[in-house]
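Working notes, beginning with the structure itself.
Read-outs throughout are calculated quantities, based only on the coordinates presented, and are distinct from any laboratory measurement. What you see is a predicted model; the values in this text were computed from it and never measured. When we count neighbours, we look across all protein chains shown, and the Cβ atoms used for this are built from the backbone with ideal geometry, even at glycine.
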Amino acid sequence: MNLKGFCEQLNVSSQCRKYGLSLWQCPQFLFLVMGLIIIGSSLTVYAIGNRFIEDPTLVALLVLFISAILFVVATIITRSFERLAEASRMKSEFVSVVSHQLRSPLSNLKWVIEFLMSGRVGSVTEKQLEYFKILKENGDRMTELVSDLLIVSRIEQGRLPLKKEKISLDDLVGEVIREMEIFARASNVEIDSKSEKNLPPIVTDYFQLKLVIVNLLDNAIRYVKGKGRVEIILEKKNKNLHFEVKDNGVGIPQDDKKYIFQKFFRSGNVLRHQTKGSGLGLYIAKSIVEKLGGKIGFSSREGVGSTFWFNLPVKQ
Amino acid sequence: MKTILFVEDESVLQKTFGEVLKQEGYEVISALDGQIGLRLAKEKKPDLILLDLILPKIHGFDVLKKLKEDKETQEIPVIVLTNLEGIGDVDKALELGATTYLVKAQYTLEEVVEKIKKALGK
């Protein structure tokens, strides 16, 4: 944290405004009050104790009284934490309910558009098809966003379902590559995959891990400018299986690196290059990898490319 | 001609998807809630049932359970076609005897038609 950040942390009233809470509900302010009470009371007890040392009852009563005040303040702090936790839970629940509710009209929309595009209702002209495609693309984007939001709300509620089984990471990566080949070809990107021979199987959740690989590979392909190449490497490193995907894309600016795994964060140069994307993919990938007991990271240079990797323990 | 019972409360889907299935050469019976779905399954003995889960009157899971408990309907393959994707929903449906579980948002219209054709062995 730099000096400016540290000073901002000290400004309790602005910190409390950030949470939308009044001072007497704000944990930071209440902690400050408690600290002051502890210091003040310690000094008072010391001063009084010094003068009335022959009357221990008075000192004991004083300590009791001050402890009672501290207890009350601590209770208020706990309550305010509870309220914050409750607000966060309600937010996640709200997102979850809204996402579910949005899904039905969205899938109706999607299927009706596909129905129109299929020519089953009547012939479609080239021009009409062009506009139907725009409708469909936007519908798909909304559907993806809603799906991502649902996953995020599950992660935040600690309800991400995990079903662990023995799988071959090699096969899983192969499957994802096959599924994304059309997208890669359409983006003029070549996918090259290198895998160490005889990799051991891992015990993990197949679908969640697939989501991670899809997200990483999708980013790699998406942020390559013009003709490009994406390289996937799979190998065993100590007691871990190591996956990495390397692209020669737009890269991540130095200042943006610390935010890259944050929810809804999208790098400035990425926004210039590509408007699509929810800014949730890497947050989801990180949450899942950590939940599966692994580690995720990246290295990147703006204009040169990025490498994203994760490690998963072989035995769990 | 093979018959499909389509249990779905969204009339938009009944209209569009029903039309697609008719064009594919199937006879489509519509049910807008779970109760009607159960009744029609017994009466018409369709070759396949497409079942939504969030349904008025009787929930899709209960419809599925009753279909599989009833000797008259237990042999009919059931494809769950829904937007519900909660924890354990897929496992629950498969345990209850559903043939396939399809989340609407994840499949295109044509992909679902393919799955139906496959389930009916065409």
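Between the alpha-carbon centers of segment A:189-248 and segment B:57-122, tell me the distance in whole angstrom.
Rounded to whole Å, the Cα centres lie 33 Å apart.
Which residues in segment B:56-98 have a backbone N closer than 12 Å to a point placed 7 Å from the Cα of B:Lys117 along the Cα-to-Cβ line?
none
Which value at 222 nm does chain A reach when only helices count, each DSSP H run of 4 or more adding -39,500 (n - 2.57), with the total divided by all residues and rounded to the nearest 500 deg cm²/dmol?
-20500 deg cm²/dmol
Just the number: Rg to Rh for segment B:3-110, Cα atoms, Kirkwood Rh, two decimals.
On the Cα set of segment B:3-110, Rg over Rh gives 0.93.
Using the beta-carbon distance between A:Val214 and A:Leu58 and R0 = 56 Å, what value does 1/(1 + (r/R0)^6) give for FRET efficiency, to the nearest 0.05?
For A:Val214 and A:Leu58, the calculated efficiency is 0.20.
Can you say what percent of the DSSP beta bridges in the protein assembly as shown, counting only those with both residues inside, are antiparallel? Round to 5.
Here the share of antiparallel DSSP bridges comes out near 55 percent.
How well do other chains shield peptide A:99-110, expressed as the mean number of their Cβ atoms within 10 Å of each residue Cβ? Mind showing how you got there, number by number?
Values: counts 0, 5, 1, 2, 7, 11, 3, 3, 11, 9, 1, 5.
The shielding value for this peptide is 5.
Of the options A:Ser96, A:Leu36, A:Gln128, report the single residue whose Cα projects farthest towards the positive end of the charge dipole of the protein assembly as shown (beta-carbon charges: Lys, Arg +1; Asp, Glu -1).
With unit charges placed on the Cβ atoms, the residue in question is A:Leu36.
Based on the Cβ-Cβ distance of A:Thr307 and A:Phe81, what FRET efficiency does E = 1/(1 + (r/R0)^6) give at R0 = 30 Å, to the nearest 0.05? List each step's numbers first, then the result.
On the way: r = 40 Å, r/R0 = 1.32.
After rounding to 0.05, the efficiency reads 0.15.
Per DSSP H run of at least 4 residues, take -39500 (n - 2.57); add these up for chain B, divide by its residues and hand me the 222 nm value, nearest 500 deg cm²/dmol.
It comes out at -13000 deg cm²/dmol, rounded to the nearest 500.
Under 19 Å from a label point 7 Å along Cα→Cβ of B:Val12: give me every residue in segment B:94-110 with its amide N that close.
B:103-110
Considering all projection directions equally, how large on average is the shadow of the alpha-carbon convex hull of segment A:1-159, in square nanometres? If you can, show how the numbers build up before the last one.
Values: hull surface 64.1 nm².
Dividing the Cα hull surface by four gives the mean projection, 16.0 nm².
Suppose every K and R has +1 on its Cβ and every D and E has -1 on its Cβ; what is the size of the dipole of segment A:158-301 about the Cα centre, in Debye to the nearest 20?
For segment A:158-301, the charge dipole is close to 460 debye.
Return the average number of partner chain Cβ atoms within 10 angstrom of each residue Cβ along peptide B:88-94.
The per-residue average across the peptide is 1.
Between A:Arg17 and A:Ala74, what length comes free when the chain is fully extended (0.36 nm per residue of separation minus the Cα-Cα distance, one decimal in nm)?
18.4 nm
Working out 0.36 nm times the residue gap between A:Asp192 and A:Ser88, then minus their Cα-Cα distance, what length gain in nm do you get to one decimal? Could you put the intermediate results ahead of the total?
Values: separation 104, 0.36 × 104 = 37.44 nm, distance 4.25 nm.
Going from the current span to full extension adds 33.2 nm.
Is there a pair in A:Lys133/A:Lys227; A:Lys291/B:Lys117; A:Lys164/B:Lys42 whose C-alpha atoms are over 28 Å apart, and which pairs would that be? Intermediate values should be presented prior to the final figure.
Details: A:Lys133/A:Lys227 24 Å; A:Lys291/B:Lys117 39 Å; A:Lys164/B:Lys42 39 Å.
Correct reply: A:Lys291/B:Lys117; A:Lys164/B:Lys42.
Hey, can you list the DSSP H helices of chain A whose Cα span along the axis is 24 Å or longer and whose average Kyte-Doolittle score is at least -0.5?
Those that pass (Cα extent of 24 Å or more, hydropathy at least -0.5) are A:27-51, A:56-117, A:126-156, A:169-186.
For the pairs A:Lys263/B:Lys115; A:Lys110/A:Lys166; A:Lys163/B:Lys104; A:Lys237/A:Lys295, note any where the Cα-Cα span goes beyond 24 Å. Provide the component values of the computation, followed by the final result.
Working: A:Lys263/B:Lys115 36 Å; A:Lys110/A:Lys166 36 Å; A:Lys163/B:Lys104 22 Å; A:Lys237/A:Lys295 13 Å.
Table pairs above 24 Å Cα-Cα are A:Lys263/B:Lys115; A:Lys110/A:Lys166.
Put a dot 7 Å past each Cα toward the Cβ at A:Glu179 and A:Leu36; how far apart are the dots in nm?
That separation, rounded to one decimal, is 5.7 nm.
Tell me, what is the FRET efficiency for A:Ser67 and A:Glu144 to the nearest 0.05, using R0 = 41 angstrom and their Cβ-Cβ distance as r?
On the way: r = 55 Å, r/R0 = 1.35.
Between A:Ser67 and A:Glu144 the formula returns 0.15.
Quick one: plug the Kirkwood hydrodynamic radius of segment A:7-82 (C-alpha pairs) into Stokes-Einstein at 37 °C, 0.692 mPa s, and report D in µm²/s.
Result for D is 235 µm²/s.
Go ahead and set up a Gaussian network model of chain A, Cα springs under 10 Å, then flag whichever of A:Gly49, A:Gly305, A:Gly139 fluctuates most.
Comparing A:Gly49, A:Gly305, A:Gly139 in the GNM, the peak value goes to A:Gly49.
Classify the protein assembly as shown from the C-alpha gyration tensor, please: rounded if a/c falls under 1.5, else prolate or oblate depending on whether a/b exceeds b/c.
Note, shape of the protein assembly as shown comes out prolate.
Averaged over its residues, how many other protein chain Cβ atoms are within 10 Å of peptide B:104-113's Cβ atoms?
5
With springs connecting C-alpha atoms under 10 Å apart, model chain A as a Gaussian network and identify which of A:Ile182, A:Ile69, A:Ile202 has the largest mean-square fluctuation.
It is A:Ile69.
What ranking do A:168-181, A:254-267 get when scored by the average of other Cβ atoms within 10 Å per residue, highest first?
Ranked from most to least packed, the peptides come out as A:168-181, A:254-267.
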